[in-house]
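Trainee: Before I ask anything, here is the structure I am working with.
The values are calculated or read from the model by the stated rules, or taken from the named source; none is laboratory data. For clarity, every value in this text was computed on a predicted model and none was experimentally measured. So basically every Cβ, Gly included, is an ideal-geometry build from the backbone, and we count neighbours across all protein chains shown. Calculation scope for accessible area: heavy atoms of the full protein, side chains included, ligands and nucleic acids excluded. Shrake-Rupley method; radii C 1.70, N 1.55, O 1.52, S 1.80 Å.
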Amino acid sequence: MMANLDFKATRSLQEALDFLDTNSEVKVIAGGTDVMVNLYKENYSYSGILLDISRIEELKEIRQEEGWIKIGPLVTHTMLLKNELLEDKFPVLTAAARTIGSTQVRNRGTIGGNINNASPAADLIPPLIALKAEVKLQSSSSERLMPLVDFIIGPYRTAIRESELITEIKIPLIKEKYYSNFQKIGRRKTLAIARINIAIVAIIDEHKVIRDIKIVPGSATPSPRAFNKLEEAVTGQEITGLNLEELGKLAGEEMVALTGERWSTPYKKPALSALVKRSLTAVIKEVEGDGENQN
Amino acid sequence: MEKIKINLNVNRLEYTLEVEPDERLLDTLRERLKLTGVKEGCSIGECGACTVILNGEAVNSCMVLTGQVDGSQVLTVEGLEVDSKLDPLQQAFIDHQAVQCGFCTPGMLMSAKALLDKNPHPNREEIKTAIEGNLCRCTGYEQIIEAIESVAGRKDCKE
Ligand SMILES: Cc1cc2nc3c(=O)[nH]c(=O)nc-3n(C[C@H](O)[C@H](O)[C@H](O)COP(=O)(O)OP(=O)(O)OC[C@H]3O[C@@H](n4cnc5c(N)ncnc54)[C@H](O)[C@@H]3O)c2cc1C
Ligand code: FES
Ligand code: FES
């Protein structure tokens, strides 16, 4: 314990923003599942002020508004995976939330914390990027919107300013019929901090042709991003005719092109290939299932 | 380092406490309230030994600062027994030899209790999901799952 740590809790967003505006060395804590691990690792020697936002009710909503689904940053993983609107519109997010940590971790950990912690292996980030999510950042005097993919600027680094909070995550509704999938390989079975994961969101027409696709692996690159070469290779193709073996390889090559050879490459390259194959196979199955239902 | 004044309902008793800024719910329960059934294993959310029920949800008390939970309700393993009668889960753990060294047991019981309070008749998968964050080095889980299943199947289990 150090003598220079302070703690402030608030249930009001305005109060939280004003507090951030007038104090320096403030560390925001929401569910605490990342912050508490860091505090422990630093032997609780953190100096500054912890600002607890976990009780701000207005940041815990999930709702549909115009063409968007809007998610409050304090929505927990448990709330995400139990939400029927989300399961209906964006099952890929539900699937990712279901794989996080354990029941206890899902009950505390939040979507805002998962995003701002910006772990390369964070499970919600690939599906959110694939869904073209945007984050709303608010301070007491400003408000801005940013695509999530730009908000995450590196491992454990985001574009947030000291005076800002994430106050909303918004995802555009997809008008066309689309398919999606989330896969993850963890090192441990029970508590798998994802070593590698992938989210796919694909608009596929009635001829089974891929019109638009987002393929976003997590922890393959320093921060999750779309694999554009891979996307280009499959766009315009009939999904049932894809050469999965080739595409798995291509994904591995694109990863190395983006990151260079690393100590983890010998593990990650085949793992990513396997995940790409697995997730595309799952989408193909779903497309074929739909085709049969129509006949 | 200013102390924080909070109210807490623990095992159906009201407390007003002054806690440290970096005091975890785990510390408050074990050190201030002497509820040493709450165990500290890994301290980083991995083992579940510190599991308590916070406002109806199973949480790791090592991951919660007490200052965050002013006005909340907490249930620990000590609160499972009512009028010196064991909770059916506790009895089932004994009957099914689900306790060996016992270190994981309080956390395991609280995860199981949180599950049954919400879902009185869970299937095996739901039971596994509920306790996936509770590590047991001794039993291999089978007896624990059976103990929970036996309570989940009981007709007099509260709805
Ligand atoms: C045992 C264990 C297993 C885990 N397993 C997984 C897993 O499988 N997959 C996975 O993705 N993650 C996993 N995690 C990580 C963690 O649970 C998630 O990242 C969680 O979503 C973080 O949310 P939180 O509310 O707990 O964040 P906190 O720890 O409270 O905060 C995290 C960071 O975000 C900032 N922050 C929080 N909310 C806001 C906001 N609204 N605005 C601005 N900044 C904010 C904080 O300042 C801090 O920097 C695991 C953690 C543990 C302890
Ligand atoms: S001591 Fe809290 S989870 Fe291990
Ligand atoms: S009984 Fe020993 S750890 Fe579970």
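Trainee: Under 6 Å by Cβ, and 6 or more places apart or on different chains, what pairs join a residue from segment B:58-82 that is assigned by TED's automatic domain parsing to the domain that holds residue B:47 with one that is away from ligand 2 (no atom under 16 Å from the Cβ) and of a type in the set (A, V, I, L, M, F, W, C)?
Mentor: B:66/B:19; B:67/A:7; B:67/A:9; B:67/B:4; B:70/B:6; B:74/B:10
Trainee: Can you tell me which residues in segment A:258-295 are among the hydrophobic types (A, V, I, L, M, F, W, C) and touching a residue at least 12 places away in the same chain (Cβ under 8 Å)? I'd like the intermediate steps shown before the answer.
Mentor: If we filter segment A:258-295 for residues that are among the hydrophobic types (A, V, I, L, M, F, W, C), which is where we start, we get A:258, A:263, A:271-272, A:274-276, A:280, A:282-284, A:287.
Those that are among the hydrophobic types (A, V, I, L, M, F, W, C) and touching a residue at least 12 places away in the same chain (Cβ under 8 Å): A:258, A:271, A:272, A:274, A:275, A:276, A:280, A:282, A:283, A:284, A:287.
Trainee: What tally of residues in segment B:119-133 results from selecting those that are within 18 Å of residue B:56 (Cβ to Cβ), of a type outside the set (A, V, I, L, M) and within 16 Å of ligand 3 (Cβ to nearest atom)?
Mentor: Selection size over segment B:119-133: 1.
Trainee: Please count how many residues of segment A:27-48 are facing another protein chain (nearest Cβ under 9 Å), on the phi > 0 side of the Ramachandran plot and open to solvent by 80 Å² or more (accessible area, probe 1.4 Å).
Mentor: The total comes to 0.
Trainee: Return the residues of segment A:118-145 that are surrounded by fewer than 17 Cβ atoms within 10 Å (Cβ to Cβ) and free of Cβ contacts under 8 Å to residues at least 60 places away in the same chain; say none if nothing qualifies.
Mentor: Across segment A:118-145, the qualifying residues are A:142, A:143, A:144, A:145.
Trainee: Among (1) open to solvent by less than 10 Å² (accessible area, probe 1.4 Å); (2) more than 16 Å from ligand 3 (Cβ to nearest atom), where does residue B:38 come up short?
Mentor: Every listed condition holds for residue B:38 apart from (2).
Trainee: Quick one: would you say residue B:1 is within 9 Å of chain A (Cβ to nearest Cβ), open to solvent by 30 Å² or more (accessible area, probe 1.4 Å) and either touching a strand residue (DSSP E or B) at 6+ places or on another chain (Cβ under 8 Å) or within 16 Å of residue A:105 (Cα to Cα) (or both)?
Mentor: Numbers: within 9 Å of chain A (Cβ to nearest Cβ): yes; open to solvent by 30 Å² or more (accessible area, probe 1.4 Å): yes; either touching a strand residue (DSSP E or B) at 6+ places or on another chain (Cβ under 8 Å) or within 16 Å of residue A:105 (Cα to Cα) (or both): yes.
For residue B:1, the condition - within 9 Å of chain A (Cβ to nearest Cβ), open to solvent by 30 Å² or more (accessible area, probe 1.4 Å) and either touching a strand residue (DSSP E or B) at 6+ places or on another chain (Cβ under 8 Å) or within 16 Å of residue A:105 (Cα to Cα) (or both) - is met.
Trainee: Now, a different point. Can you pull out every residue in segment B:84-140 that is within 16 Å of ligand 1 (Cβ to nearest atom), β-branched (Val, Ile, Thr) and open to solvent by less than 50 Å² (accessible area, probe 1.4 Å)?
Mentor: Matches in segment B:84-140: B:131 only.
Trainee: If you don't mind, another one. Which pairs do you get when a residue that is free of Cβ contacts under 8 Å to residues at least 60 places away in the same chain and within 11 Å of another protein chain (Cβ to nearest Cβ), found in segment A:2-26, comes within reach of a residue that is part of a helix (DSSP H, G or I) and open to solvent by 40 Å² or more (accessible area, probe 1.4 Å), reach meaning Cβ atoms under 8 angstrom, with the pair 6+ apart or on two chains?
Mentor: Correct list of pairs: A:11/A:57.
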